[in-house]
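What follows is calculated from the coordinates using simple rules that are stated; it is not laboratory data. Just so it is clear, the model here is predicted, and its values are computed rather than measured. Positions of Cβ are generated from backbone atoms using ideal geometry, with glycine treated the same way; all protein chains shown enter the neighbour counts.
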Amino acid sequence: HERTFSMLKPGVLQRRISGEIISRIEKKGFHVTAMKIMRISEELCRRHYSEHEGKPFFPGLIAYMTSGPVIAMVLEGENAIAHLRLLCGATNVDEAAPGTIRGDYASVTRMNIIHASDSVESAEREIKLFFKPEEILEYVDDSAHWLG
Ligand code: GTP
Ligand code: MG
């Protein structure tokens, strides 16, 4: 199993669609092994998106991402990094296909609803930025026990 980092961006809680989006992630088969609601500081945001420093959209990205609460998550699953990126859809809302989370819920690229790590290195770096090791749950998939 692979781990990835995801964040529901500002606006999702306010629009009251966080449950719906988490539900889509769960139904795909991901395990949520850590989750917290938080406001991110400008410093954390700059570190998280450091690869984009200097790009024209960077100031707008930081302003938006620090403008409201987010839900940070660690997700685990088979090929989790690539699968979550597929589920999210394209970065640019004009290219995000219907059926993807961005395609279904976002109408402005800057406010594209959800973040997903783009590589193993990013996932491990981002998980460390947002969570202490003891905040990440380890559990065996015993769903048969609960579902019968
Ligand atoms: P994240 O999962 O948030 O990292 O998105 P991504 O990996 O699909 O895209 P990328 O890392 O390249 O860009 C990070 C974020 O910056 C995007 O999600 C957008 O919100 C924003 N962004 C990227 N490119 C543009 C752009 O050309 N214009 C604007 N306005 N925003 C952009
Ligand atoms: Mg990215």
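Rounded to the nearest 500, the helix-only mean residue ellipticity at 222 nm of the chain stands at -10000 deg cm²/dmol, with each DSSP H run of n ≥ 4 adding -39,500 (n - 2.57). Fully extending the segment from residue 125 to residue 47 would add 27.1 nm, taking 0.36 nm per residue of separation and subtracting the current Cα-Cα distance. Dipole magnitude for the chain: about 600 debye, using +1 per Lys or Arg Cβ and -1 per Asp or Glu Cβ, origin at the Cα centre.
Compute the distance from the alpha-carbon center of the range 121-140 to that of the range 68-98, in whole Å. Here the answer is 17 Å between Cα centres.
Toward the positive end of the charge dipole of the range 2-134, with +1 on the Cβ of Lys and Arg and -1 on the Cβ of Asp and Glu, the farthest Cα among 19, 59, 131 is that of 19. For the range 2-134, the alpha carbon convex hull comes to 101 Å³ per residue, rounded to a whole number.
Across every pair of non-identical alpha carbons in the range 16-75, the mean reciprocal distance, once inverted, gives a Kirkwood radius of 13.1 Å. Note on residue 145 and residue 15: the extension gain reaches 43.3 nm, defined as 0.36 nm multiplied by sequence separation minus the Cα-Cα distance.
Note on the chain: lysine pairs with Cα distance below 22 Å, sequence gap of 8 or more or different chains, count 10.
By the count of other C-beta atoms within 10 Å, a proxy for reagent exposure, 73, 65, 38 are ordered fewest to most as 38, 65, 73.
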